[in-house]
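Just so it is clear, none of the values below were taken in a lab; they were calculated from the coordinates. None of the values given here were measured: they were computed from a predicted structure. Every residue, glycine among them, receives a Cβ derived from its backbone with ideal geometry; neighbour counts consider all protein chains shown.
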Amino acid sequence: MRLIPNWKLLSKTFILLLTFSFISQLALSMFEGTFALHSQRLFSFGPQQLSLVFIVCGSLMGFLQLGPIAWLIEKKGENALLPFGFLSLGIGIFMLTTSREMEWILIYVAFISTGMAILTPSLASLITKDSEKEYGASLGIFSSVNSLGQVAGVVIGGVIMIWSNHLAYWIVAIVLIVSAYLVLPKNKLLILKS
């Protein structure tokens, strides 16, 4: 049994899409996996405040993916949305380090949710478009890479948080903002069919 069903799947574009998907999942899981500790240390948040943050995050992400983002992908295309997704996610994560007020934290979490609501379906769609006939294999690899990103985000975020409350968020925010620049259609890093 082969691990990768078809080596043709491993085109430059496919690998870049997987890399960007890994980065986005790493960022989200770093936030989700470390925010409880981060907010407990800095804001003295308890279970009620944390629950509210994650309810807002998940609800907004789900709502946006079901309606507005699906419509935007259809109207503008995935390629046009990717930079906004990375930028929104990066800004949201970075800004979490700047406020202790719940209202502002919820606004920054809305940026994170919006970024992921754009990135996840856009990247999944582009993965299937790039793979021509191997949709199942492509989505399987995509899902595996996302899972690896989720594990890496929690581990890396947790280790960095031993030394600094904010450093993990700053690093991942910079990576996300650089990713936003790299996926700008004018840079032609990803030659994709939208």
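Taking only Cα atoms of the stretch 106-194, what ratio of Rg to Rh do you get with Rh as the Kirkwood inverse-distance radius? Don't skip to the end; give the middle numbers.
Details: Rg = 15.4 Å, Rh = 15.1 Å.
We get a ratio of 1.02 for the stretch 106-194.
DSSP H helices in the chain with Cα extent of 15 Å or more along the helix axis and mean Kyte-Doolittle hydropathy at least 1.0? Result, helices passing both filters: 47-66, 78-95, 102-130, 135-163, 167-182. Here the Debye sum runs over all C-alpha atoms of the chain as equal scatterers in vacuum, and log10 of I(q)/I(0) at q = 0.18 Å⁻¹ comes out as -1.19. The fraction of Cα-Cα pairs per 10 angstrom bin, counted from 0 for the stretch 24-111, comes to 15, 48, 27, 9, 1 percent, rounded to whole percents. The relative contact order of the chain comes to 39 percent, based on Cα pairs under 8 Å that sit 6 or more residues apart. Note on the chain: helix-only mean residue ellipticity at 222 nm, from DSSP H runs of 4+ residues weighted -39500 (n - 2.57) and normalised by residue number, equals -27500 deg cm²/dmol. In a shell of Cβ-Cβ distance under 13 Å around residue 45, excluding residue 45 itself, what net charge do Lys and Arg (+1) and Asp and Glu (-1) give? It works out to a net charge of +1.
Among the trypsin sites (Lys or Arg not before Pro) found in the stretch 1-96, those both in a DSSP coil and sparsely packed, with 16 or fewer other Cβ atoms within 10 Å of their Cβ, are 2. Note on the chain: GNM, Cα springs under 10 Å; of 44, 179, 113, the largest mean-square fluctuation is that of 44.
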